[in-house]
1. Residue under question is LEU36, and the condition is that it be assigned to a helix (DSSP H, G or I) and either surrounded by 11 or more Cβ atoms within 10 Å (Cβ to Cβ) or under 21 Å from the mean Cα position of the chain (by Cα) (or both); does it hold?
2. Take the conditions aliphatic (A, V, I, L, M), buried (at least 16 other Cβ atoms within 10 Å of the Cβ), touching a Cys at 6+ places or on another chain (Cβ under 9 Å) and at pLDDT below 95 and apply them to ALA218. Does it pass?
3. Among (1) within 30 Å of PHE175 (Cα to Cα); (2) surrounded by fewer than 14 Cβ atoms within 10 Å (Cβ to Cβ); (3) among the aliphatic types (A, V, I, L, M), there is one condition LEU110 misses while meeting the rest; what is its number?
4. Could you tell me whether SER217 is assigned to a helix (DSSP H, G or I), of a type in the set (S, T, N, Q) and in contact (Cβ under 8 Å) with a residue 40 or more places away in the chain?
5. Consider the stretch 90-116. How many of its residues are more than 20 Å from LEU186 (Cα to Cα) and not polar (S, T, N, Q)?
6. Would you tally the residues in the stretch 76-112 being under 16 Å from ILE125 (Cβ atoms), in a helix (DSSP H, G or I) and either of a type in the set (A, V, I, L, M, F, W, C) or in contact with a Cys (Cβ under 9 Å, 6 or more places away or on another chain) (or both)?
7. Under the condition of being small (Gly, Ala, Ser) and surrounded by fewer than 17 Cβ atoms within 10 Å (Cβ to Cβ), which residue from the stretch 224-237 is modelled with the lowest pLDDT?
Amino acid sequence: MPSFVRGHLYAVLAHVGFLVFWQLAVSFGKVPTYILPGPIDTFLALGEPSYNWLRHTWITALEIFGGYGIAVVVGVALAVLFVWIPALNAALMPLLITLNMVPKVAMAPLFIIWFSYGVFPNMLIAFTICFFPIVLTTYRGLVEVEPELLDLVKSLKGNRWQIFTKIQLPGSLPFLFSGMKVAAVLAVAGAVVGEFIASDSGLGYFLLVQQNALNTSAMMMALLLITGLGVLLYGTVAALEYVFVTRKGISP
């Protein structure tokens with residue numbers, strides 16, 4: 001069995017083992033359902049048509065993947081500009097660091113005032129939270145190239161575009177994917193924070209509504225779906241990393 005498949009098989013078994021442990025713990029511990037429902041009771045909540053799971057999941061997925069996608073495009077483009085224009089890096093990188101120190105959760109109410117509420121401001125919150133790690137790691141990957149390799153390419157009359165596409169970009173991929181993995185986790189948090197503050201749809205909004213009704217099973221199911229979206233995003237990034245970095249033997 002290939003090591004890649006074997007590693008993921010172990011991961012699946014670990015998740016299944018966790019669900020079994022969870023069910024046994026609440027069953028033998030006689031934990032009331034309103035305190036902590038087991039996996040069976042939690043998944044049964046999916047059968048309730050009035051919860052409109054598909055709509056809420058779609059809205060949250062749109063916010064997470066949309067904000068994340070914009071962050072990747074803008075973050076990579078800005079990192080490239082920083083490498084090509086050192087003066088721009090000297091001017092804007094310290095500003096980005098300062099802005100990144102602003103608590104994004106505290107800015108969420110301002111986004112609601114500026115952009116009303118709905119999918120777009122929540123997407124924007126996800127973008128602002130996961131944007132900086134992508135810029136920072138991509139920039140580091142682009143500049144951390146062996147000087148001897150650059151000198152060799154320049155001696156062969158390689159132009160800036162050739163140096164970028166043949167040397168800097170491939171060498172930066174491990175750094176880029178590391179930042180993308182961190183950003184995947186942050187994007188989920190950003191979208192849900194926006195739904196907590198002001199929203200009329202999405203899994204975060206649904207979770208708050210069910211909290212008021214003390215419907216713990218539905219709350220746990222919403223939490224699992226949010227987690228599933230995060231795992232899907234992270235897994236997609238990990239799969240792309242395997243294709244473009246691991247299989248090609250690229251190392252930082």
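The values are calculated or read from the model by the stated rules, or taken from the named source; none is laboratory data. Computed from a predicted structure; not experimentally measured. Note that each Cβ is placed from the backbone with ideal geometry, even for glycine, and that neighbours are counted across all protein chains shown.
1. Values: assigned to a helix (DSSP H, G or I): no; either surrounded by 11 or more Cβ atoms within 10 Å (Cβ to Cβ) or under 21 Å from the mean Cα position of the chain (by Cα) (or both): yes.
It is false that LEU36 is assigned to a helix (DSSP H, G or I) and either surrounded by 11 or more Cβ atoms within 10 Å (Cβ to Cβ) or under 21 Å from the mean Cα position of the chain (by Cα) (or both).
2. Details: aliphatic (A, V, I, L, M): yes; buried (at least 16 other Cβ atoms within 10 Å of the Cβ): yes; touching a Cys at 6+ places or on another chain (Cβ under 9 Å): no; at pLDDT below 95: yes.
No, not satisfied.
3. Single failed check for LEU110: (1).
4. Working: assigned to a helix (DSSP H, G or I): yes; of a type in the set (S, T, N, Q): yes; in contact (Cβ under 8 Å) with a residue 40 or more places away in the chain: yes.
When the stated conditions are applied, SER217 passes them.
5. Initial filter on the stretch 90-116 (more than 20 Å from LEU186 (Cα to Cα)): 90-95, 113-116.
Still in the list and also not polar (S, T, N, Q): 90-95, 113-115.
Matching residues across the stretch 90-116 total 9.
6. The first filter runs over the stretch 76-112 and keeps only residues under 16 Å from ILE125 (Cβ atoms), leaving 99-100, 102-112.
Then keep just the ones that are in a helix (DSSP H, G or I); that gives 99-100, 104-112.
If we keep only those that are either of a type in the set (A, V, I, L, M, F, W, C) or in contact with a Cys (Cβ under 9 Å, 6 or more places away or on another chain) (or both) too, we end up with 99, 105-108, 110-112.
Selection size over the stretch 76-112: 8.
7. Our first condition is that a residue be small (Gly, Ala, Ser); within the stretch 224-237, this holds for 228, 230, 235.
Applying the additional criterion that residues be surrounded by fewer than 17 Cβ atoms within 10 Å (Cβ to Cβ) yields 228, 235.
Values: GLY228: 95, GLY235: 92.
Ranking the candidates gives GLY235 first.
Conditions (1) surrounded by fewer than 16 Cβ atoms within 10 Å (Cβ to Cβ); (2) of a type in the set (A, V, I, L, M, F, W, C), marked per residue:
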site	(1), (2)
VAL26	no, yes
PRO32	yes, no
THR57	no, no
VAL73	yes, yes
LEU81	yes, yes
